[in-house]
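The values are calculated or read from the model by the stated rules, or taken from the named source; none is laboratory data. Quick caveat, the model's predicted, so the values are computed rather than measured. Heads up, the Cβs are rebuilt from the backbone with ideal geometry, glycines too, and the neighbour counts pull from every protein chain shown. Each accessible area value is taken on the protein alone, full model and side chains, heavy atoms only, with ligands, DNA and RNA left out. Shrake-Rupley method; radii C 1.70, N 1.55, O 1.52, S 1.80 Å.
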Amino acid sequence: MASDMNEILLQSVEVLPSLPDTISKLRKYIEESRTNLEISRVADIISSDPLMTTKLLRLANSPFYGFSREITSLNQVVSLLGIGNIINTIMADSIRDNFKIDVAPYGLNTKDFINQCSEETAFITDWLNDEDKKLSHFLVPCALILRLGIVIFSNFLIQNNKDAEFLEHLKKIDFRDLSLVENEFLGVDHISFLGFLLYRWNFDDILTETICFIRSPHAARNEVKKSAYALAVLDHLFMPHRSFSVFNVKASIALIEEAKTQGVKFNLDNFISKLPKQIREEIEKEKK
C-alpha cells in the first residue's frame, strides 16, 4: 500500500504551486550582480509586486521578527533581514498561502493548528532574538513552513479517501509516532517529504539542510548544526499532539545539552525562562 501511495504522492508534486516571478527576478539579479548587490535595486524588484510588498512589510512588523521600531520601507526590510532571508521568507509565505489547510486526518483542529504554527514562529523570536538575532531571523521562514508536510499529507489523504483510515491508525498508537503511520501509508514522513520539496523548489541549501537534519542535528555539517539544533528544539516543543508536554520540554533541554557536546552553544537559562510558567515550575519540582 505504501509504495503505491508514495508513487501517487510523488506524482502530485508536479502540480504543486509555482513560485512568484519576483523570486526568479531576485535570483537572476543576484547571479548577475554577485558581490555588487544594491539594496535599492532589490527593493525595486520586490516593489514591482504590490501584494508581495504588503506581505513583506506585514511580516517584518509582526512579532516573528521582534523589531523595536516600525518598518515602513522595503529598503529597511532588506537592510535588516538580508537578501537571503528575504527570498526565503517570500518563498515560505507564498507557498504556505497556496494550500488549503484541513488537518482533520491527523485528528487536529485546523484553527488550533494554524494558531500553534504562528506560536512556533513567534517563539523563535522570543527565545533567540537577544541571544542570536541572525539565527533568529534565519529560522523564521523555517518555522513558517515546518508543518507544511502535514498540510500536504492531509490534503492528499482526503483526496484519496484515506483520511479516516489514517486517523484510525494514529488513534491506535495514541498519536505517539506520526512518522510510523506516515511511512506505513505514504512511504515517507512529513519532514523528509518537506525536505524533498524544498530541494525541488530551490530553497537555499542551509535552510533545506536545516529542516532535513531536524531529527539528527548532530549529523549536520558545521554550517548547519546550530540552526538544525534550534529547529529540532522547536519541533519537540510544539509537537502537534503534545505541545509543551513535560516529556517534550525535557527532550528539548536534552537537545540543547547535546548541542554543547557538538560545539554548539545555547543559553539554557535563557531558554528555560521563555517556557510557560507552569512548565518551568514542573521542571523545578523535579530538580528538588
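Results, tabulated for the structure shown:
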read-out: Of all residues making up segment 271-285, the number that are loosely packed, with under 13 Cβ neighbours inside 10 Å, in a helix (DSSP H, G or I) and either within 23 Å of the chain's Cα centre (by Cα) or touching a residue at least 24 places away in the same chain (Cβ under 8 Å) (or both); value: 1
read-out: Of all residues making up segment 204-226, the number that are in contact (Cβ under 8 Å) with a residue 12 or more places away in the chain, surrounded by fewer than 19 Cβ atoms within 10 Å (Cβ to Cβ), in a helix (DSSP H, G or I) and among the acidic types (Asp, Glu); value: 1
read-out: Enumeration of residues in segment 87-105 that are in a helix (DSSP H, G or I) and over 15 Å from the mean Cα position of the chain (by Cα); value: 104, 105
read-out: Failed item in (1) within 30 Å of residue 265 (Cβ to Cβ); (2) β-branched (Val, Ile, Thr); (3) outside any loop (DSSP other than H, G, I, E, B), with residue 181 passing the rest; value: (1)
read-out: Among residues of segment 123-162, those that are open to solvent by 30 Å² or more (accessible area, probe 1.4 Å), in contact (Cβ under 8 Å) with a residue 24 or more places away in the chain, assigned to a helix (DSSP H, G or I) and more than 23 Å from residue 197 (Cα to Cα), counted; value: 1
read-out: Qualifying residue in segment 190-203 (condition: open to solvent by less than 10 Å² (accessible area, probe 1.4 Å), among the small types (Gly, Ala, Ser), closer than 14 Å to residue 147 by Cα and free of Cβ contacts under 8 Å to residues at least 60 places away in the same chain); value: yes
